[in-house]
Amino acid sequence: MTSVHIKAVEKRFGETAVLHGIDAEIPQGAFAVLVGPSGCGKSTLLRLIAGLEQVSAGRIFFGEKDVTELPPRERDIAMVFQSYALYPHMTVRENMAFGLKLRKTDQATIDSRVDEVAGTLDIEHLLDRYPRQLSGGQRQRVAMGRAIVRRPALFMFDEPLSNLDPALRTQVRVDIRKLHDAHDSTSVYVTHDQVEAMTLADILFVLEGGHVQQSGPPLEIYERPANRFVAEFLGSPAMNMLPATVREGSLRFDASGAVPLEGPHAEAFGGLEEGQAVYVGVRAQDVTRCRDSDAHLTATARFVETLGSHVHVHCTVGEASFIAAFDGSRGPDEGEGIPLRIERFHVFDADSGNSLRSA
Ligand SMILES: Nc1ncnc2c1ncn2[C@@H]1O[C@H](COP(=O)(O)OP(=O)(O)OP(=O)(O)O)[C@@H](O)[C@H]1O
Ligand SMILES: [Mg+2]
């Protein structure tokens with residue numbers, strides 16, 4: 001296992017700049033997740049760490065060692081990709097053993113490692129089959145097994161679950177995290193799926209447009225997003241954003257209604273200026289239905305999604321759309337006005353999009 005230090009790394013493909021000065025510290029033994037929308041540079045950053053691409057500027061260290069110029073085979077890494085790339089003419093056992101064979105490991109060690117890892121992954125009964133005789137989920141396990149038997153210092157995953165059906169995704173996701181813990185490894189995992197990101201990561205890096213927008217423990221980022229991008233990217237449904245103006249100790253919504261900045265809010269938002277234009281960010285589950293006289297705002301129901309244990313009510317608040325989540329299985333009727341209290345909210349500057357603290 002190793003730590004990874006990424007210092008001011010830039011990547012250009014010809015004229016196109018893809019990564020603009022990435023700094024990231026991944027502690028030894030951590031499960032790091034790089035998350036962000038398609039095209040933001042996640043795979044590129046992973047390939048730079050692996051040595052499959054060369055940096056345009058900056059350095060990459062594994063522990064104290066500068067690996068920036070090292071070829072992939074000298075970096076002691078194992079990668080698992082979205083497409084499993086197993087060798088079709090080899091059995092599962094041969095596929096798993098291949099990397100060790102190349103390294104001239106003796107046969108007894110190879111056998112015992114393959115058996116041990118096959119046991120952990122619950123694929124012992126598949127060892128004599130060929131890849132074409134396996135399901136997608138089984139192939140993905142074999143691909144992981146092949147990576148694990150080598151005991152690399154660093155595991156890298158690029159969207160390894162995206163070809164699996166939802167039930168299997170959840171199961172393999174749990175397996176990946178268990179394997180990481182059992183093998184004391186350091187892992188870097190790329191996904192655009194925020195559920196995977198939230199559930200797997202010890203440390204999360206949210207990328208957008210070739211920049212790290214925010215990094216830290218996932219819950220911390222979820223609870224204190226640094227800007228609108230991060231706030232709207234993490235969490236499902238996406239955080240609602242209501243345009244508002246600071247007026248006489250309240251956040252007055254452009255549509256109608258207001259939240260008073262009183263009690264603890266007065267302190268948290270002490271820096272807001274009269275007349276400042278902001279967005280009030282409210283997660284779907286952070287509102288409750290209330291009496292008209294207690295309401296901070298009234299939303300108009302447009303469409304109800306029933307999820308069994310709760311409902312998502314798609315509403316409008318003036319021009320803005322707003323999703324509210326309520327327990328139970330019945331939602332309001334279309335067109336009904338719903339008086340809402342906001343229990344928790346975030347405030348973002350309307351111009352910069354930066355967080356002005358949350359309460
Ligand atoms: N070899 C290349 N030559 C030119 N441009 C490239 C190359 N590889 C990637 N890019 C560009 O760099 C940007 C980032 O690509 P990258 O594959 O890192 O995105 P990503 O975050 O992994 O996206 P996805 O979630 O779709 O996999 C994209 O705009 C892509 O078109
Ligand atoms: Mg990618």
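Are there GluC sites (Glu not before Pro) in the range 66-115 that DSSP puts in a loop and that have at most 15 other Cβ atoms within 10 Å, and which ones?
On the way: sites: E69, E74, E94; in loops: E69.
Listed in order of number, the matching sites are E69.
Within 11 Å, Cβ to Cβ, of T68, how many net charges do the neighbouring residues add up to if Lys/Arg are +1 and Asp/Glu are -1? Walk me through the numbers before you get to the answer.
Values: positive: K7, R59, K65, R75; negative: D66, E69.
After counting each charged neighbour, the total is +2.
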Handout entry: Neighbour-count order for V142, V172, fewest beta carbons within 10 angstrom listed first
Key = V172, V142
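Fewest Cβ neighbours within 10 Å first, please rank C315, C290 accordingly. It would help to have the intermediate numbers written out before the result.
Numbers: C315 25, C290 13.
With the fewest neighbours first, C315, C290 line up as C290, C315.
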Fill in the blank from the handout: Projected onto the charge dipole of the chain (unit charges on the beta-carbon of Lys, Arg, Asp and Glu, signs +1, +1, -1, -1), the Cα from C290, Q107, Y130 with the largest positive-side position is that of Q107
Fill in the blank from the handout: Between the modelled labels at E25 and R302 (7 Å from Cα along Cα→Cβ) the distance in nm is 4.5
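Restricting things to Cα coordinates, could you compute the convex hull volume per residue of the range 211-359 in Å³? Numbers along the way, then the final one.
Numbers: hull volume 17.8 nm³, N = 149.
Per-residue hull volume (Cα only) is 120 Å³.
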Problem - Distance between the range 21-74 and the range 223-286 - C-alpha centres, whole angstrom - result: 36
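Arrange V246, V282, V174 by Cβ neighbour counts within 10 Å, fewest through most, would you? Display every interim value, and only then the final one.
Numbers: V246 19, V282 25, V174 12.
The most exposed by this proxy come first: V174, V246, V282.
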Handout entry: Only Lys, Arg (+1) and Asp, Glu (-1) charged, at Cβ; the chain dipole about Cα centre in debye
Key = 1300
Exercise for the section: Provide the per-residue ³J(HN,Hα) series for the range 289-294, in order, calculated from phi with Karplus coefficients 6.51, -1.76, 1.60 and θ = phi - 60°, each as a whole number of Hz, with x at glycine and proline positions. Expected result: 6, 8, 6, 3, 6, 9
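Relative to 2.2 N^0.38 Å, what does the C-alpha radius of gyration of the chain come to as a ratio? Two decimals please.
On the way: Rg = 24.5 Å, N = 359, 2.2 N^0.38 = 20.6 Å.
Here the Cα radius of gyration is 1.19 times the empirical estimate.
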Fill in the blank from the handout: Largest fluctuation, E124, E53, E262 only, Gaussian network model of the chain with Cα springs under 10 angstrom, belongs to E262
Exercise for the section: Would you mind telling me the antiparallel percentage of the DSSP bridges in the chain, rounded to 5? Expected result: 75
Exercise for the section: Could you please report the charge total around D351, scoring K, R as +1 and D, E as -1 over all other residues with beta-carbon less than 13 angstrom from its beta-carbon? Expected result: -1
Fill in the blank from the handout: Calc'd 3J(HN,Hα), the range 31-48, phi into Karplus 6.51 cos²θ - 1.76 cosθ + 1.60 (θ = phi - 60°), Hz, glycine/Pro = x, comes to 9, 9, 10, 9, 10, x, x, 4, x, 7, x, 4, 5, 4, 4, 4, 5, 5
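A short reminder: the numbers here are calculations on the coordinates, not readings from a lab. Model, not experiment: these values are computed from the prediction. Every residue, glycine among them, receives a Cβ derived from its backbone with ideal geometry; neighbour counts consider all protein chains shown.
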